[in-house]
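Presented below is the structure to which this report refers.
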Amino acid sequence: MNVRIHPSWQAVLQEEFDKDYFVRLTDFVRQEYARTTIYPPARQIFSAFDHCPFDKVRVVIIGQDPYHEPGQANGLCFSVAPGVQMPPSLVNIFKEIQNDLGKPFPPDGDLTRWADQGVLLLNATLTVQEHYAGSHQRRGWEEFTDAVIRLLDSRREHLVFILWGAYAQKKGAFIDRTRHLVLQSPHPSPLSAHQGFFGNHHFSLANRYLTENGMEPIDW
């Protein structure tokens, strides 16, 4: 299959694109966009990859589903477009950055600036039906994003994987801790942020690891 995605990812994922499950997934997603409102906009399904080429990845943050309300999802986990109200989890992420690094709150919740620095903002499921959280789960996206993580785990070294919450931690359980830094904590959701997300210092820990391994830190 020919998938519109950054050429660096096309090269490493072509074998995945040709598998039966991905062909079925593509057919399902096309039908969904044709019949109802799906997020993110179709051109942004692979935004996380387009902004962050395979060989430029330094940090991977794993989310679960795109936002499912109008105007929110832009293809990057936890991110919303400029002018869109920040969801509570994203507010808590910026609170932790402020506490950890002393940085002020940004003017908006668009995390494209992170992606362009090498932060792969990867949702486990890349599409969702409007108003229906989890509506495109178990259709094949999870298998695809598992393959993405496995490729990064096996073909790259000294990456930082940030796993917030039980779902992300289960998804990243196979990552080789001898080759990469894996940072885990509760999810930034208001339901769990006070149980260990706040104070996890993941942003400074990630930058320290990158610097120690000869890479530029992320400007969070």
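Bear in mind these aren't lab numbers, they're just calculated from the coordinates by the rules spelled out. None of the values given here were measured: they were computed from a predicted structure.
Our helix-only sum for the chain, with -39,500 (n - 2.57) per DSSP H run of n ≥ 4 divided by its residues, gives a mean residue ellipticity at 222 nm of -11000 deg cm²/dmol. Annotation: amide H-H contacts under 5 Å for residue 60 (H modelled 1.01 Å from N, sequence separation of 5 or more, or interchain): 120, 160, 161, 162. Taking the centroid of alpha carbons for each part, the range 11-28 and the range 191-217 are 34 Å apart.
Applying the Karplus relation 6.51 cos²θ - 1.76 cosθ + 1.60 with θ = phi - 60° to the range 205-217 yields 3J(HN,Hα) values of 5, 4, 5, 4, 5, 4, 5, 5, 9, x, 10, 5, x Hz, where x marks Gly and Pro.
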